[in-house]
Amino acid sequence: MKATPKSLGIAGLILGLGAAGPASAIEAGSAVAVSFTCRMTDGTVAASTEPSWSQEGVKGLAPIFLKPAKPGPVTLTAGATVRLNPEAGFEEAVQAYLAAELPAAPLGQPWTVTIEDPPRSAGGQVIKLARVRKRPKEERMTADEYNRRTGKTPAVGASHTIDPAVPGTITAVGQDGQVTIVYTAAPGTPLTTPFGPAVIRDGGQTWEIVIDAQPGRLVRVGPLVGRITETAEETFTADFSQPLAGEALTCEVTAQPERKANSE
């Protein structure tokens with residue numbers, strides 16, 4: 001993981017000078033406000049504090065990109081020892097690895113660094129997930145149960161959706177209070193899931209969402225990013241044992257004296 005000054009010019013690289021004068025080096029143990037954008041090897045953005053990458057409809061994002069709750073600089077401690085528990089999320093790992101690279105980096109000027117996971121240790125999280133997700137075609141419940149679930153009074157024609165891919169509609173409310181919900185879907189409809197493209201299939205008593213899980217693909221489950229290692233007819237296996245899923249990220253970083261930043 002080698003940090004490289006960016007756009008300082010030859011004189012700046014030799015003398016430690018930029019267009020605006022001497023570049024102060026970040027001291028180990030100091031708290032700084034850090035802005036960064038980290039890219040995959042294909043150039044797509046995997047993580048960023050820049051608000052422009054969190055706007056709706058922006059192009060160039062990696063499938064694993066997760067919009068931060070509060071875009072903007074984050075406060076990191078330069079040289080902090082990387083201590084990540086097995087459940088550490090992708091963004092948590094990015095910030096921890098960047099913090100370790102901060103000492104001696106230029107303060108107030110952009111620089112680049114490549115971060116990656118340390119050598120794999122034994123163990124780790126390997127999770128088996130369903131490749132075929134089954135959804136009911138019809139569901140019945142009492143009016144009281146419907147009210148407990150939704151906080152609403154059931155009415156014929158009202159929508160009741162558990163999975164947007166298979167929307168539901170109340171088709172009957174009996175005198176005995178029995179509520180009937182019918183879920184509809186069009187077989188062959190293509191879908192996008194966190195695990196890859198999928199298609200809807202008619203499974204008889206159920207609708208089936210069949211995921212095209214491919215070995216080697218990066219996937220996200222909440223804060224965790226992993227890699228698909230095996231696929232079977234009904235399931236696939238994903239390895240979450242490395243916080244960055246073994247990816248090398250190239251990050252453009254700028255650190256400023258600490259002001260008000262997001263501590264995450």
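The values are calculated or read from the model by the stated rules, or taken from the named source; none is laboratory data. Just so it is clear, the model here is predicted, and its values are computed rather than measured. So basically every Cβ, Gly included, is an ideal-geometry build from the backbone, and we count neighbours across all protein chains shown. Keep in mind that these areas ignore ligands, DNA and RNA; they rest on the heavy atoms of the full protein, side chains included. Shrake-Rupley method; radii C 1.70, N 1.55, O 1.52, S 1.80 Å.
Observations on the structure shown:
- In the chain, a dipole from Cβ-located charges (positive for Lys and Arg, negative for Asp and Glu) runs towards its positive end, and of 226, 245, 168 it is 168 whose Cα lies farthest in that direction.
- Residue of 74, 225, 156 that the Gaussian network model of the chain assigns the largest fluctuation, springs spanning Cα pairs under 10 Å: 156
- Sequence-separation-based contact order of the chain, relative, with Cα cut under 8 Å and 6+ spacing, percent: 26
- Top of 119, 68, 103 by mean-square fluctuation, Gaussian network on the chain, Cα under 10 Å: 119
- Both radii were evaluated on the Cα set of region 41-179; the Rg over Rh quotient, with Rh as the Kirkwood radius, amounts to 1.17.
- A straight line joining the Cα centroids of region 77-137 and region 216-241 runs 16 Å.
- Heavy atoms of the protein chains alone define the surface here; on that basis region 146-264 has 52 Å² accessible area per residue at 1.4 Å probe size.
- Simple rule: put +1 on each Lys or Arg Cβ and -1 on each Asp or Glu Cβ in the chain, find the dipole, and look at 97, 32, 156; the Cα lying farthest toward the positive end is 156.
- About the centre of its Cα atoms, the chain shows a dipole size close to 240 debye [charges on the beta carbon of Lys, Arg (+1) and Asp, Glu (-1) only; nearest 20 debye].
- Annotation: extensible slack from residue 128 through residue 104 equals 4.4 nm (criterion: 0.36 nm per residue apart, minus Cα-Cα distance).
- Rounded to whole Å, the principal axis extents of the Cα atoms in region 22-63 read 37, 22, 21, largest first.
- Between residue 140 and residue 116, the modelled label-to-label distance comes to 5.9 nm, taking each label 7 Å out from Cα in the direction of the beta carbon.
- Carbon and sulfur %, accessible surface of the chain computed with the full protein complex present, 1.4 Å: 53
- At an R0 of 41 angstrom, the distance between the Cβ atoms of residue 175 and residue 205 translates into a FRET efficiency of 0.95.
- A simple spin-label model places the labels of residue 149 and residue 189 1.8 nm from each other, with each point 7 Å out along Cα-to-Cβ.
- Rg and Dmax of the chain, Cα atoms only, in Å: 24.4, 85
- Count of Lys pairs (Cα-Cα under 20 Å; at least 8 positions apart or interchain) in the chain: 4
- MRE, 222 nm, helices only [DSSP H, n ≥ 4, -39500 (n - 2.57), over the chain, to nearest 500]: -3000 deg cm²/dmol
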